[in-house]
Amino acid sequence: MKKKWLISWIGETDHKAAEGKLPLGVGPVANALMDASVKYDRVLLLTNYPHERSAQFCDWLEQKTGYIGIDLQDVQLDGPTNYADIYLQVSQFLTVLKLPQNDIELTFHLSPGTPAMAVIWIMLAKTRFPASLIQSAQTKLNDGSVEFGIEKVDFSFDLASDFLPEFLQRSEQRIERLASEPLSSAPEFSKIIHRSAVMQEQIDLSRRVAIHNVPVLILGETGTGKELFATAIHEASRRKGEALIAVNCGAIPKELVNSELFGHKKGAFTGADSVRLGHFREADGGTLFLDEIGDLPLNAQVRLLRALQEGQITPVGETNPVKVDVRIIAATHRDLMAEVAAGRFREDLFHRLAVGIIHLPPLRERAEDIELLIEHSLARINNDSRDLPEWQNKIISVGAKKILLNHPWPGNIRELYHTLLRAAIWSRQAEIRAEDIERNLLQAPSNSNQILDQTLHKGFDLQAVLDQVERHYLQRAMKKAAGKKKQAAEYLNITNYQTLSNRMEKLGISSDEQTD
């Protein structure tokens, strides 16, 4: 069954309803959520009003309607009637949410906001982001009173098929160009070494979400650079210059998680000999990076959800909450949706965190970047080791680079760097050769299809893969034969040992090479 999402602007009427300034009714957003005919699985509200005012509206709305975990997205507009800017901001927001998705049924609310905002909802619903449309309705009853409700909006064929394409032909191309214009260079992201389009896309998304004071969830395998992205997002945000506190949730003992994150008072539990502020208060005004958030225990997830919803925490042993102003950037290598389905991660917390989602691709899916990363890593190794006695400035041979370019790198960038580091340390000459790399690759056990399952990409070097296979078996045969070429040739069904010697020389294997 499809999940139902409602997305809407918050309008002035909605704010007035929450502030007790609306004589009749509760405002269009509340009307939609109080409609008994539909239940939404997720509610996302956009606001170009001051954040505090709209946050208070969301609190009122949750109490009024019973919906918990309503998502609030701050949007900075050049003006509430600027069609191009509204289109740009809303389409980017929907793209960050990875919409459209087959398992999600979208509904856009036309009534809140300005007429320009309603027009953009119509354009998006009929083109890039298929969605149902609703609007507020008023019915005058026989007794003269007014009943407020919601009605679906549908358009005739003429409007949907004639007017919109004609309108889009005049304006959408210009707006799309605005949306797709490359951002100016960003020094905050300069440490992310890349040339691939897939990484550039994630950097662009990160830069756009960085300026908004919303939670960010960074997803990716171990070693893909999640902390590097978190640091860059913080540096590109309005909180730059404030504290950035990084916490590995998986490294904290479960019984101490609440104390570490939210603090405790003296005597709160055995061993609490002094007051502890906790990471939330240490990061007050800045950013808290929660790495491996999928490892957070459920009781701590409840406290974290409350901190995100209410902007306050309660230290262990205290009864009075403490106000905190912290932006959360979370990261995990886990499939959080699977964790939610298994009951190990709260769904409401997931949706609170997943306002801005960044997907970091594994290194095997960004093959264009590997050569750049090799050069960068080797330069870093040389620089860090230059003052060590007897250090030789390392260079890498063509054969060694070919192996690195075609390795699947299950440990991603971190594995690539440490493989190069080991090879640089153990190689006895300035040039890192193919056998140095192979000797220092960590082969994953039971992954028999590692050679066969390598990612195909433009410029894939098939010969290097074949050389890798041949080098592996030549070395094994030489070891099994205790260095005797004639016997090694017999193991491999090679006609004579001279042919074996030629192949070894071609692949850069020395005669005394005896490595598995």
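Kindly provide the set of residues from the range 391-427 that are outside any helix (DSSP H, G or I) and under 26 Å from Glu470 (Cβ atoms), ordered by number. Scanning the range 391-427 gives Lys394, Ile395, Ile396, Ser397, His407, Pro408, Trp409, Pro410, Gly411, Ser427. Kindly evaluate Asn383 against the criterion of being surrounded by fewer than 17 Cβ atoms within 10 Å (Cβ to Cβ) and part of a helix (DSSP H, G or I). Yes, satisfied. Answer yes or no as to whether Gly20 is in contact (Cβ under 8 Å) with a residue 24 or more places away in the chain and either outside any helix (DSSP H, G or I) or surrounded by 21 or more Cβ atoms within 10 Å (Cβ to Cβ) (or both). Answer is no for this residue.
For the range 316-327, the set of residues classified as more than 24 Å from Glu52 (Cα to Cα) and either out of contact with any Lys or Arg (no Cβ under 6 Å at 6 or more places or on another chain) or crowded, with 19+ Cβ neighbours inside 10 Å (or both) consists of Val316, Thr319, listed by residue number. Residues in the range 335-359 that are under 20 Å from Asp74 (Cα atoms) and among the hydrophobic types (A, V, I, L, M, F, W, C): Leu349, Phe350, Leu353, Ala354, Val355, Ile357, Ile358. Looking across the range 62-99, the residues that are farther than 16 Å from Arg352 by Cα and more than 26 Å from the chain's Cα centre (by Cα) come down to Gln63, Lys64, Thr65, Gly66, Asp78, Gly79, Pro80, Thr81, Asn82, Tyr83, Ala84. Here the condition is being in a helix (DSSP H, G or I), out of contact with any Pro (no Cβ under 9 Å at 6 or more places or on another chain) and outside the structural domain of Thr224 (by TED's automatic domain parsing); of Leu372, Leu388, Leu349, it holds for Leu372 alone.
For Glu375, the requirement of being over 30 Å from Leu94 (Cβ atoms) and either hydrophobic (A, V, I, L, M, F, W, C) or without any contact (Cβ under 8 Å) to a residue 60 or more places away in the chain (or both) is met.
The helices (runs of 4 or more DSSP H) found wholly in the range 39-139 and carrying at least 3 residues that are under 25 Å from Leu217 (Cβ atoms) and modelled with pLDDT of 90 or more occupy 51-65, 83-96.
Looking across Ile370, Ile358, one residue alone is without any contact (Cβ under 8 Å) to a residue 60 or more places away in the chain and among the hydrophobic types (A, V, I, L, M, F, W, C). It is Ile370. For the range 311-347, filtering for residues that are in contact (Cβ under 8 Å) with a residue 24 or more places away in the chain and farther than 20 Å from Ala210 by Cα leaves 14.
Residue count for the range 300-329 satisfying the condition of being aliphatic (A, V, I, L, M), part of a strand (DSSP E or B) and over 23 Å from the mean Cα position of the chain (by Cα): 3. What about Thr332, is it buried (at least 20 other Cβ atoms within 10 Å of the Cβ), among the β-branched types (Val, Ile, Thr), more than 21 Å from Leu72 (Cα to Cα) and modelled with pLDDT of 90 or more? Against the criterion (buried (at least 20 other Cβ atoms within 10 Å of the Cβ), among the β-branched types (Val, Ile, Thr), more than 21 Å from Leu72 (Cα to Cα) and modelled with pLDDT of 90 or more), Thr332 qualifies. Within the range 50-81, the set of residues being charged (D, E, K, R) and surrounded by 16 or more Cβ atoms within 10 Å (Cβ to Cβ) comprises Glu62, Lys64, Asp71, Asp74.
The values are calculated or read from the model by the stated rules, or taken from the named source; none is laboratory data. In this text, all values refer to a predicted model and were calculated from it rather than measured experimentally. Here the Cβ is made from the backbone with ideal geometry for all residues, glycine too, and neighbour counts use every protein chain on show.
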